[in-house]
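A short write-up of the structure that comes next.
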Amino acid sequence: MKVMYPGTFDPITNGHIDIINRAVKVFDEVIVAVVRTSSKETLFSVDERIELVKKAIGNDVRVSVEPFDGLVVEFAQEKGVRTLLRGLRMISDFEYEFQMALTNRKINNSMETMFLMPREDYSYISSRLVKETFSLGADISHFAPPDIINALKKKLPIKK
Ligand code: ADP
């Protein structure tokens, strides 16, 4: 069975990678769907975000990465996918994710959303936190792999 993992991935973090690594144990194929234009302003362009996801997942043939625009349920249907995957971190994610899952099901009744929980010590990591702490000079090696840290070094000035 195929699953689609949609998100902004600005940039991908160890939390996202943990979810992908868990997903390949449950599903035959994981499509990481990177939203082109997010309601959030992004630091990285969609091409950069895709490139960073590719670097983070390496050569795993079970995982592919694609950009999308518009409704994720429509993109999933185009790709023949009937299951969406999201990561659940804190209780604070729950309300938004619950709303999204029910909205997506209302739009397409055959679309199911499944949730996976990350390793506990990744459960508070967000792309926003990674960018903020990096720009304040923190060591973010627990939060993101070296390729991502290098990409941040090129993009973000460190305020000290
Ligand atoms: P979005 O803008 O769609 O929320 P994100 O890239 O922030 O995109 O997140 C994509 C998905 O990954 C969401 O389901 C989010 O809850 C999940 N996620 C983000 N960070 C983590 C993490 N540290 N652990 C588990 N899931 C995460």
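The values are calculated or read from the model by the stated rules, or taken from the named source; none is laboratory data. The structure displayed is predicted, hence computed values, not measured ones. Glycine also receives a Cβ, built like all others from the backbone with ideal geometry; neighbour counts cover every protein chain displayed.
Here are some notes:
Let's see how each residue does on (1) part of a loop (DSSP other than H, G, I, E, B); (2) within 17 Å of L88 (Cβ to Cβ); (3) in contact with a strand residue (DSSP E or B) (Cβ under 9 Å, 6 or more places away or on another chain); (4) more than 8 Å from the ligand (Cβ to nearest atom):
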| site | (1), (2), (3), (4) |
| --- | --- |
| V3 | no, yes, yes, yes |
| P6 | no, yes, yes, no |
| F9 | yes, yes, yes, no |
| G15 | no, yes, yes, no |
| I19 | no, yes, yes, no |
| R22 | no, yes, yes, yes |
| I31 | no, no, yes, yes |
| T37 | yes, no, no, yes |
| K40 | yes, no, no, no |
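- Of all the numbered requirements in (1) farther than 24 Å from S141 by Cβ; (2) free of Cβ contacts under 8 Å to residues at least 60 places away in the same chain, G58 misses one, and that requirement is (1).
- Test: residue in the stretch 44-55 that is in contact with a helix residue (DSSP H, G or I) (Cβ under 7 Å, 6 or more places away or on another chain), among the basic types (K, R) and part of a helix (DSSP H, G or I): yes
- Figure legend. Inter-residue proximity from the stretch 131-143: first residues without any contact (Cβ under 8 Å) to a residue 12 or more places away in the chain, second residues in a loop (DSSP other than H, G, I, E, B) and hydrophobic (A, V, I, L, M, F, W, C), beta-carbon distance below 9 Å, spacing 6+ or different chains. Indicated pairs: E132/A138; T133/I140; T133/F143.
- For D93, the conditions (1) modelled with pLDDT under 95; (2) within 13 Å of the ligand (Cβ to nearest atom); (3) over 18 Å from N14 (Cβ atoms) all hold with the exception of (3).
- The listed residues are I12, I19, I91, and the only one of them that is within 16 Å of S123 (Cα to Cα), β-branched (V, I, T) and touching a Gly at 6+ places or on another chain (Cβ under 9 Å) turns out to be I19.
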